[in-house]
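Engineer: Just dropping this structure here.
Quick note: the coordinates plus some simple rules give every number you see, no bench work behind them. The model shown is predicted, which means the values in this text are computed figures rather than measured ones. Heads up, the Cβs are rebuilt from the backbone with ideal geometry, glycines too, and the neighbour counts pull from every protein chain shown.
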Amino acid sequence: MWSGSAVATKLSIEKYGDSVEIYYNDTGSENDDNVRFIADCENWFGKKVNILKSERFKDTWEVWEKRKYLVNKAGAPCTGEMKMIPGDSILKIGDIEIYGYTANERHRVKKWQNHNKERIIECPLIEHHLTKEDCFGILEGVGIELPLMYRQGFRNNNCIACVKARDSVNYWKRIRKYYPIEFNRMAELERKLNFEINRISVKGKKTPIFLDQIPEGEPTGDDEVKVSCGLFCMAETANLK
């Protein structure tokens with residue numbers, strides 16, 4: 001669970017009350033601190049978070065190893081196996097699905113709706129004009145510490161070593177810094193499958209690069225989580241306590 005999903009859930013509970021059912025897809029490959037974050041959120045929600053898991057795979061690593069590919073233009077096999085299949089299994093006709101898309105992700109909503117016209121979706125963060133940074137501020141305002149990966153400078157609280165972080169050398173440098181075991185495991189899997197997740201620009205041309213070829217050095221960019229809590233955000237925080 002990430003910050004946007006948590007705030008979107010709370011907004012939905014405020015709107016629909018006890019009829020809201022909360023689910024979390026456990027991929028088996030996320031940071032252990034998510035257990036703490038979910039428990040904090042359950043206290044905030046006043047409701048239990050139901051855990052969904054794949055019946056076929058124990059974690060994302062098993063998906064990649066058995067399916068023998070990491071990611072392609074169609075996406076990553078772990079998304080379908082660890083999130084879509086378990087999530088779709090509990091959907092009923094007429095259900096309203098709540099998504100944590102933020103105010104600057106309207107394009108993602110349109111893309112999703114174009115491929116899922118039969119499903120009903122609500123995006124309370126967009127309705128309330130809330131950004132990811134606003135969500136950080138709301139959680140901070142109610143005393144919930146952000147998940148560890150945000151505090152380590154990652155933009156998203158995804159699985160450790162997310163194959164959808166393509167052409168993102170700094171993401172992988174940060175994985176190497178904080179999660180060397182997972183970094184080395186992915187580097188070995190890349191070589192085994194003969195597939196490079198990343199490409200770098202060499203003389204203006206995109207050139208594939210294996211993880212074990214990424215130069216040493218610190219990841220660049222701001223490692224601090226940006227928290228925004230302006231007047232509108234403060235009002236939301238007061239309403240959601």
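Engineer: Out of segment 25-42, which residues are crowded, with 16+ Cβ neighbours inside 10 Å, in contact with a strand residue (DSSP E or B) (Cβ under 9 Å, 6 or more places away or on another chain) and either aromatic (Phe, Trp, Tyr) or assigned to a helix (DSSP H, G or I) (or both)?
Structural biologist: 34, 38, 41
Engineer: For residues in segment 178-192 being under 18 Å from residue 67 (Cβ atoms) and touching an Asp or Glu at 6+ places or on another chain (Cβ under 9 Å), which is surrounded by the most Cβ atoms within 10 Å (Cβ to Cβ)?
Structural biologist: Among those residues, the one meeting the criterion is 190.
Engineer: Now for a different question. Quick test of your reading of the structure: residue 9 fulfils all but one of (1) out of contact with any strand residue (DSSP E or B) (no Cβ under 7 Å at 6 or more places or on another chain); (2) under 25 Å from residue 94 (Cβ atoms); (3) in contact (Cβ under 8 Å) with a residue 60 or more places away in the chain; (4) β-branched (Val, Ile, Thr). Name the failing condition by number.
Structural biologist: Just one mismatch for residue 9, condition (1).
Engineer: Which pairs have Cβ atoms under 7 Å, sit 6 or more apart or on different chains, and link a residue in segment 131-151 that is among the small types (Gly, Ala, Ser) to one that is assigned to a loop (DSSP other than H, G, I, E, B)?
Structural biologist: The qualifying pairs are 137/227; 137/228; 137/229; 141/229.
Engineer: Return the pairs, sorted by first residue and then second, in which the second residue is of a type in the set (Asp, Glu), the first residue lies in segment 43-63 and is part of a helix (DSSP H, G or I), the beta carbons are less than 7 Å apart, and the residues are 6+ apart or on different chains.
Structural biologist: 63/81
Engineer: Additional query: Take residue 104 and decide whether it is polar (S, T, N, Q), free of Cβ contacts under 8 Å to residues at least 40 places away in the same chain and closer than 24 Å to residue 166 by Cα.
Structural biologist: Against the criterion (polar (S, T, N, Q), free of Cβ contacts under 8 Å to residues at least 40 places away in the same chain and closer than 24 Å to residue 166 by Cα), residue 104 qualifies.
Engineer: Being farther than 30 Å from residue 143 by Cβ and either acidic (Asp, Glu) or touching a strand residue (DSSP E or B) at 6+ places or on another chain (Cβ under 9 Å) (or both) narrows it down to one of 86, 77, so name that one.
Structural biologist: Unique residue meeting the criteria: 86.
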